[in-house]
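*Asks:* Quick one: the structure is below, and I'll ask about it shortly.
The values are calculated or read from the model by the stated rules, or taken from the named source; none is laboratory data. From a predicted model like this one, the values you see are computed outputs, not experimental measurements. Virtual Cβ from ideal backbone geometry, glycine too; neighbours counted across all protein chains shown. Just the protein is used for accessible areas: all its heavy atoms, side chains included, with ligands, DNA and RNA removed. Shrake-Rupley method; radii C 1.70, N 1.55, O 1.52, S 1.80 Å.
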Amino acid sequence: MKKRTSFPTRYLIVLLTFFCTCVCYIERVGFSIAYTVAADAAGVDQSTKGIILSTFYYGYACSQVPGGWAAQRIGGRRVLLFSFILWSLTCALVSLDPNQVTILVLARLLVGVAQGFIFPSIHTVLAQWVPPHERSRSVSLTTSGMYLGAAAGMLVLPSLVKFQGPQAVFFAEAALGGFWSILWLKYSSDPPRSEHPKATASGFGETLLPLRSAQKMKVENGGSSTHVTKIPWKKIMLSLPVWAIVVNNFTFHYALYVLMNWLPTYFELGLKLSLQDMGSSKMLPYLNMFIFSNIGGVVADHLITSKIMSVTKTRKFLNTVGFVIASLALMALPRFRTSDGAVFCSSVALGFLALGRAGFAVNHMDVAPRYAGIVMGISNTAGTLAGIVGVGLTGKLLEAAKSTNSDLSSPESWTSVFFIPGYLCIFSSVVFLIFATGERIFD
């Protein structure tokens, strides 16, 4: 007799994916902290440090679409487990020796490729397990793990490096990855048909599981026919609602990566503040993202289930509010000349960007629940490229400003840095308002 549990399995799946994204971002922050300390101690030049730190994103960008394809074909649950095992083993086996540039480049490339499979796989899994009326808060909770992981990494890992050395961070990350893999292997599963008798009507569950190329499908007349699974690549690539998601994902990550990578420089060179003297306040923007991401998910599901707004209007409303307020905060940021003002402004910007994820980031599963991993892979590729472009362009802008103003302490030196993502937010919100939909457009 099957044992019943009062805790639905889909909730456990969501919690595990939340823990998954949290661990992933602890790894990303942890490598940056550990490698920087080790590289500075070894006298590594800034150019080499830049190569090592950026290698991850090239691997990450290359595996997004293949990750979505693999998740759709063989199952997000299996691909997710494989990716975690791969990057965890890499962290456990690779020595953090800054002088071994080739080995570190290959290792970071491999970790980037492995983690590139994660978010397309997560979206595939959630599309299978989570019913439409729970998607917003489920995706928001899952993705908020990124911000909590980043904040936790910033708080804890510097002390681990100080007392145990940089290599200890690799071991800790590998242990976390291994622990999560064991939990996932033990508690995750594909949604059984018996738990979702209305899967077809609801748009989730068994009907979204990967189909074999020659799987027999029942038809209305009681017979059976061969159903050949074909991914509608052309339709996906030419879909305006998909491009609305892609554009907003690009903007979100452009703003996020610029702030993550250059806000410390703004504090130190633009405001002449010491990060050490700021204490835990520098974590507030990421904690704000965690809070607002979950608020957005709860609000979106409430608006939909209470029939206050349709799915389409809900997605557009939250996306617009989030991105427009974020744009205003970004453009106001260079005018704040105190640590409190700058922390407040950056917290508002990142918080409302996270709120906007209840619009565009959940929309993958609205328009293409069966191909959510593939659409996520496409849009996340754009997001990763945005990080590469945004971080690099910001460096060039600051270098040009420095040659003109001799230093970076004036607000004018930082105006273009924060105005570009601000303008992108306005443009993206308009694109989403015009072209996005909450209706399912891919069978």
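*Asks:* Of 413, 403, 379, which residue is open to solvent by 10 Å² or more (accessible area, probe 1.4 Å) and hydroxyl-bearing (Ser, Thr, Tyr)?
*Replies:* Checking each option against the conditions leaves just 403.
*Asks:* Pick from segment 112-156 the residues that are in a helix (DSSP H, G or I) and either aromatic (Phe, Trp, Tyr) or not assigned by the TED database to the domain that holds residue 35 (or both): which of them is nearest to residue 59 (Cα to Cα)?
*Replies:* The qualifying residue nearest to residue 59 (Cα to Cα) is 119.
*Asks:* Could you list all residues from segment 77-100 that are touching a Phe, Trp or Tyr at 6+ places or on another chain (Cβ under 6 Å) and open to solvent by 30 Å² or more (accessible area, probe 1.4 Å)?
*Replies:* Passing the criteria: only 81.
*Asks:* Would you mind stating whether residue 246 is open to solvent by 10 Å² or more (accessible area, probe 1.4 Å) and under 17 Å from the mean Cα position of the chain (by Cα)?
*Replies:* yes
*Asks:* Consider segment 306-326. How many of its residues are under 16 Å from residue 133 (Cα atoms) and of a type in the set (Phe, Trp, Tyr)?
*Replies:* Qualifying residue count, segment 306-326: 0.
Here's the yes/no breakdown for (1) in the same structural domain as residue 42 (by the TED database); (2) within 18 Å of residue 23 (Cα to Cα); (3) outside any helix (DSSP H, G or I):
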position	(1), (2), (3)
71	yes, no, no
79	yes, yes, no
86	yes, yes, no
92	yes, yes, no
97	yes, no, yes
103	yes, no, no
110	yes, yes, no
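*Asks:* Let me ask another. State whether the residues of segment 107-115 include one that is open to solvent by less than 10 Å² (accessible area, probe 1.4 Å) and either among the polar types (S, T, N, Q) or within 15 Å of residue 72 (Cβ to Cβ) (or both).
*Replies:* Yes, because at least one residue in segment 107-115 is open to solvent by less than 10 Å² (accessible area, probe 1.4 Å) and either among the polar types (S, T, N, Q) or within 15 Å of residue 72 (Cβ to Cβ) (or both).
*Asks:* Next up: Starting from segment 332-350, take each residue that is modelled with pLDDT of 85 or more and list its partners that are among the hydrophobic types (A, V, I, L, M, F, W, C) and open to solvent by 30 Å² or more (accessible area, probe 1.4 Å), counting only C-beta distances under 6 angstrom and pairs at least six apart or across chains.
*Replies:* Final answer for the pair search is 342/336; 343/284; 345/332; 345/336; 347/284.
*Asks:* Please state which of the following conditions residue 320 fails to meet, knowing it meets all the rest: (1) in contact with a Leu (Cβ under 8 Å, 6 or more places away or on another chain); (2) of a type in the set (Ser, Thr, Tyr); (3) modelled with pLDDT under 95; (4) open to solvent by less than 50 Å² (accessible area, probe 1.4 Å).
*Replies:* It is condition (3) that residue 320 fails.
*Asks:* Among the residues of segment 154-167, is any modelled with pLDDT under 90, open to solvent by less than 10 Å² (accessible area, probe 1.4 Å) and either in contact with a strand residue (DSSP E or B) (Cβ under 6 Å, 6 or more places away or on another chain) or hydroxyl-bearing (Ser, Thr, Tyr) (or both)?
*Replies:* No: zero hits.
*Asks:* Return yes or no: is residue 159 part of a helix (DSSP H, G or I), among the small types (Gly, Ala, Ser) and either in contact (Cβ under 8 Å) with a residue 12 or more places away in the chain or out of contact with any Gly (no Cβ under 9 Å at 6 or more places or on another chain) (or both)?
*Replies:* yes
*Asks:* Here is a follow-up. Return yes when residue 342 is buried (at least 20 other Cβ atoms within 10 Å of the Cβ), farther than 23 Å from residue 18 by Cβ and touching a Cys at 6+ places or on another chain (Cβ under 6 Å) and no when it is not.
*Replies:* So residue 342 does not fit the description; no.
*Asks:* What are the pairs with Cβ atoms under 9 angstrom where one residue, in segment 306-317, is in the same structural domain as residue 361 (by the TED database) and within 20 Å of residue 368 (Cα to Cα) and the other, located anywhere, is open to solvent by 60 Å² or more (accessible area, probe 1.4 Å) and not in a loop (DSSP other than H, G, I, E, B)? Sequence gap at least six, or different chains.
*Replies:* So the pair list comes out as 316/433.
*Asks:* A follow-up question, please. Identify, from the list 69, 129, the residue that is open to solvent by less than 10 Å² (accessible area, probe 1.4 Å) and within 24 Å of residue 383 (Cβ to Cβ).
*Replies:* The match here is 129.
*Asks:* Does at least one position in segment 416-437 carry a residue that is assigned by the TED database to the domain that holds residue 267, part of a helix (DSSP H, G or I) and modelled with pLDDT under 85?
*Replies:* Scanning segment 416-437 turns up no residue that is assigned by the TED database to the domain that holds residue 267, part of a helix (DSSP H, G or I) and modelled with pLDDT under 85.
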